[in-house]
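Here's the structure, in structure tokens; my notes come after.
The values are calculated or read from the model by the stated rules, or taken from the named source; none is laboratory data. Not measured: the values here are computed from a predicted model. Glycine gets a Cβ as well: all are built from the backbone with ideal geometry, and neighbour counts include every protein chain shown.
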Amino acid sequence: MEEIKITRAQTFKEKPDPSTLVFGKAMTDHMFIVDYDVGQGWHDPRIVPYGPLAIDPAAKVLHYAQEIFEGLKAYRTADGSIQLFRPLDNVRRMNDSAARMSLPQIPEDLALAGITELVKLEQEWVPSAKDTSLYIRPFMVGLDAALGVHSSHHCQYIVIVCPVGAYYPEGLDPVKIYVEDQDVRAVKGGTGMAKTGGNYAASLRAGDRAEANGYSQVLWLDGVHRKYIEEVGSMNVMFKIAGKILTPDLNGSVLPGITRRSCIQLLKDWGYEVEERRISAEELFEAAENGTLEEAWGTGTAAVVSPIGELAMGDKKVTVSNNQIGEITQRLYDALTDIQWGRAEDPHDWIMKLC
Ligand SMILES: *Cc1c(COP(=O)(O)O)cnc(C)c1O
């Protein structure tokens with residue numbers, strides 16, 4: 001791998017107060033960039049001062065959304081060291097997303113070095129207050145300056161990082177979810193399994209509508225039958241029904257979440273039966289009405305787990321776990337965050353120690 005050239009910033013920003021961190025706003029002093037050109041491959045990996053990118057107004061990403069991204073965190077442990085959680089899973093998923101969006105494959109060691117070298121350089125930015133971390137956002141864009149609809153010959157892989165606070169500063173708070181019946185997030189054969197910006201653009205309207213009606217997220221149904229549950233907001237979703245854990249299977253339109261995968265492993269370790277299969281909204285509401293829906297929660301890197309306290313579909317409304325955090329939801333949150341912040345053993349080798 002080509003050596004990463006480092007150009008240090010001349011001025012340094014003031015680090016934000018960890019108690020007032022707003023998710024994704026306080027970017028650090030540096031960023032990682034590497035270029036790709038057809039015929040040349042990946043070249044010129046570098047860390048440079050954080051700042052605006054110069055992009056041609058005709059660049060593909062601005063018109064045709066040729067973009068993919070990842071999200072992971074660096075955690076500071078009690079002894080002051082810094083570690084990552086399953087970073088290679090993010091790198092591999094990025095290459096899966098790249099394949100879907102006609103972006104180039106990036107060597108795993110290069111994509112990972114962009115993350116690890118930037119975090120090491122910015123290590124003073126990794127906060128140490130409880131539940132805070134450094135959020136890492138790698139992304140890849142197609143940059144050819146031509147309006148023809150083709151995949152790009154010139155691309156960049158970029159990593160930016162920012163300190164983030166606890167997702168729920170007042171503790172895990174159950175959220176109200178609306179079952180979206182107009183828009184769909186993804187369809188089979190579409191881009192649902194890829195972490196690509198366009199999926200988010202297409203989801204904003206439903207999110208805005210839900211919020212205007214007093215709900216914090218939407219529950220997405222499949223795009224073909226509009227019957228089967230796929231995800232909740234930008235998280236995967238799990239249910240405990242009659243003692244069993246159910247989660248939608250990875251059918252091509254569900255994003256293969258790393259938190260989802262980790263929760264399934266922990267649940268199996270604890271002896272739960274986990275079924276990955278099609279779950280209809282009807283089945284879910286029936287379970288709620290006959291009292292067998294015991295818990296519901298979303299999973300994702302940003303919030304870890306997010307308890308669902310209320311579900312609404314049309315004019316039907318049900319409460320889950322008495323609008324309290326369920327036992328398994330809390331146990332998953334505790335187990336995952338204990339591993340991530342180094343407070344517990346790491347039996348599955350999920351942790352990569354950095355410095
Ligand atoms: C990123 C993402 C998730 C969660 O993935 P994690 O790897 O657990 O963070 C779930 N759904 C969507 C749509 C996502 O973009």
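Descriptive notes on the structure:
- Cβ separations smaller than 7 Å between residues 6+ apart or across chains give the following pairs from segment 90-102 residues that are closer than 23 Å to residue 350 by Cβ to residues that are within 11 Å of the ligand (Cβ to nearest atom) and not hydrophobic (A, V, I, L, M, F, W, C): 90/70; 93/70; 93/195; 93/256; 94/70; 97/195; 97/196.
- Subset of segment 157-201 [more than 19 Å from residue 310 (Cβ to Cβ), in a loop (DSSP other than H, G, I, E, B) and among the hydrophobic types (A, V, I, L, M, F, W, C)]: 166, 184, 186, 187, 193, 194
- Pick from segment 269-302, criterion aromatic (Phe, Trp, Tyr) and over 26 Å from residue 71 (Cα atoms), ranking: farthest from the ligand (Cβ to nearest atom): 285
- Residue match in segment 80-99 (condition: within 16 Å of the ligand (Cβ to nearest atom), farther than 25 Å from residue 303 by Cβ, crowded, with 19+ Cβ neighbours inside 10 Å and of a type in the set (A, V, I, L, M, F, W, C)): yes
- Odd one out for residue 238, checked against (1) modelled with pLDDT under 95; (2) more than 11 Å from the ligand (Cβ to nearest atom); (3) within 17 Å of the chain's Cα centre (by Cα): (1)
- The single residue among 219, 246, 266 that is more than 11 Å from the ligand (Cβ to nearest atom), hydrophobic (A, V, I, L, M, F, W, C) and either part of a loop (DSSP other than H, G, I, E, B) or free of Cβ contacts under 8 Å to residues at least 40 places away in the same chain (or both) turns out to be 246.
- Residue within segment 140-148 that is within 16 Å of the ligand (Cβ to nearest atom) and closer than 25 Å to residue 44 by Cβ present: yes
- Extreme residue, farthest from the ligand (Cβ to nearest atom), among residues of segment 100-113 that are part of a loop (DSSP other than H, G, I, E, B) and over 24 Å from residue 354 (Cβ atoms): 104
- Just one residue in the set 201, 194, 206 is away from the ligand (no atom under 12 Å from the Cβ) and crowded, with 20+ Cβ neighbours inside 10 Å; that residue is 206.
- Among the residues here, residue 55 qualifies as touching a residue at least 12 places away in the same chain (Cβ under 8 Å), within 22 Å of residue 151 (Cβ to Cβ) and part of a loop (DSSP other than H, G, I, E, B).
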